[in-house]
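Each remark here refers to the structure printed beneath this line.
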């Protein structure tokens, strides 16, 4: 158990290394997932996640090594996972859902009664709020897994730091036409958070969203394309585009995919990550699926992810909910204090209530009108 209060002092970095026991991980195809149904195999847990592959595998392997329980993972996008939970509401196949580009999709799932409450004994002191951050559901239907923030990648060899957009407003300038890449909001929780944050940034007190949609339309005109495979960071590192929207965890996973430990500084010559002021900074989440087939194993998996061992694995790419752990390796001068100082004040309840509406409005009034 650890203290969930933040220290305002800068957190000293160190490197956490945990061996990957990949042989114990079972990554299932969708066909197997659907055919398994509610098979009562007491020695497994079925997990749904869009988490970085390396971290998901490492968590699963370490959990199996610790408990002997096999992990079947379905790695999919946030939007597809939420759709799957809706389809399977009366007959869930999965036990645990973790990560969704932040907690907002989980809040939507709570409103639709898709998640079950769980108060872990070792972490019953987790507060509902930590400053401006919402840390858990008030009824414990989702819990914090990590702290995530949304910024963007750029290539210092192509666009020096002095020339990058320093605010979100600047992404709408015509000078960036054909120079921005992101995932499709139809599939991506990352892109959905960008849409929701933008609307809230410009929304007037009377609820008028027109300025926000004008901004998003300009950003859409500046997109080179949606990223269909891999990450926007790949295009940025190659010099194909100048800006790629990313959480810091996605950027760090890209770095890890491109280098060995002794080549980090070389890879970072071609890719860097920037967090503008007024950026989305929120808790990412983990939850027990309501009426899941293996609830006890699901609870044990959640306990493990919140434990010191689990958090050290997550800390490879993410800011941990344990404030004693350092920033992830590769972020240079970005600390937890940096995230809190640059955090946008978001109305998460509003975002959850309007999540589907925002996605449909983007498709119907921005994409359809401008393609």
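Every read-out reported here was derived from the displayed coordinates using simple, explicitly stated rules and does not represent laboratory data. What you see is a predicted model, and the numbers here were worked out from it, not measured in a lab. Don't worry about glycine lacking a Cβ; one is built from the backbone with ideal geometry, like all the others, and counts go over all protein chains shown.
The convex hull defined by the C-alpha atoms of segment 275-371 has an orientation-averaged projected area of 9.7 nm².
When each of the peptides 306-315, 160-169, 349-358 is scored by how many other beta carbons lie within 10 Å of its residues on average, the order from highest to lowest is 306-315, 349-358, 160-169. Straightening the chain between residue 170 and residue 324 buys 51.9 nm, computed as 0.36 nm per residue apart minus the Cα-Cα spacing. Within the chain, what percent of beta bridges assigned by DSSP are antiparallel, to the nearest 5? Beta bridges within the chain, antiparallel portion: roughly 55 percent. Between the C-alpha center of segment 274-301 and that of segment 116-149 there is a gap of 9 Å. Angle between the Cα long axis of helix 210-222 and the longest principal axis of the chain, 0 to 90 degrees, nearest 10? Between helix and principal axis, roughly 80 degrees. Using Cα pairs closer than 8 Å and at least 6 residues apart in sequence, work out the relative contact order for segment 81-161, in percent. For segment 81-161, the relative contact order is 24 percent.
The fraction of all Cα pairs in the chain landing in successive 20 Å bins from 0 to the largest distance is 30, 60, 10, given as whole percents. Every Cα-Cα pair of segment 164-310 was included, and the share exceeding 20 Å stands at 59 percent.
Let me know the whole percent of all Cα-Cα pairs from segment 139-193 that are separated by more than 14 Å. The proportion of pairs with Cα distances above 14 Å equals 69 percent.
Highest average first, the peptides 81-94, 55-68 ordered by how many other beta carbon atoms sit within 10 Å of their residues are 55-68, 81-94.
Compared with the direct C-alpha span, the chain from residue 132 to residue 80 gains 15.8 nm at full extension, assuming 0.36 nm per residue. Label sites at residue 238 and residue 308, each approximated as a point 7 angstrom past Cα along Cα to Cβ, lie 4.5 nm apart.
A crude spin-label estimate for the pair residue 278 and residue 122, with each label 7 Å from Cα along the Cβ direction, gives 4.2 nm. Segment 98-247: D in µm²/s via Stokes-Einstein (Kirkwood Rh, Cα pairs, 37 °C, 0.692 mPa s)? The estimated diffusion coefficient comes to 190 µm²/s. Stretching residue 90 away from residue 291 to a fully extended chain increases their span by 71.6 nm, per 0.36 nm per residue minus the current alpha-carbon distance.
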